[in-house]
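Input: a single structure, listed below in structure tokens.
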Amino acid sequence: MSLQRAGFVAATLLLAACQKPVGKDALREDQDLRNQVLRDCADGTHINSQECSNAKAVDNADKLERSLGSK
């Protein structure tokens, strides 16, 4: 992960308590952010449970779509 990307993720996490949670659309579009949120949720360092839920829902939907393939 680039230093700029790490800074963005850190800033997002710091501001999470002050702003509404990152939505599913943003997590769907930015796989790096989604993966970072999922890692932080898994190790207990992510402070926003709604973002954890959103990231997991998007990740599950993505896995289901890939397993079913395109129609």
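The table below gives the values:
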item: The one condition in (1) part of a loop (DSSP other than H, G, I, E, B); (2) more than 16 Å from residue 8 (Cα to Cα) that residue 28 fails to fulfil; result: (1)
item: Within the stretch 44-56, considering residues that are loosely packed, with under 13 Cβ neighbours inside 10 Å and polar (S, T, N, Q), the one nearest to residue 5 (Cα to Cα); result: 45
item: Complete set of residues in the stretch 38-70 that are farther than 17 Å from residue 25 by Cα and part of a loop (DSSP other than H, G, I, E, B); result: 43, 44, 45, 46, 47, 69, 70
item: Meets criteria (at pLDDT 95 or above and loosely packed, with under 12 Cβ neighbours inside 10 Å) for residue 59; result: no
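Results for (1) at pLDDT 95 or above; (2) surrounded by 18 or more Cβ atoms within 10 Å (Cβ to Cβ); (3) under 19 Å from residue 65 (Cα atoms); (4) among the polar types (S, T, N, Q), shown as yes or no for each residue.
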{"site": "1", "(1), (2), (3), (4)": "no, no, no, no"}
{"site": "24", "(1), (2), (3), (4)": "yes, no, yes, no"}
{"site": "27", "(1), (2), (3), (4)": "yes, yes, yes, no"}
{"site": "42", "(1), (2), (3), (4)": "yes, no, no, no"}
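The values are calculated or read from the model by the stated rules, or taken from the named source; none is laboratory data. These numbers were taken from a predicted model, which means no experiment stands behind them. Reconstructed Cβ throughout: ideal geometry from the backbone, glycine too, with neighbour counts over all protein chains shown.
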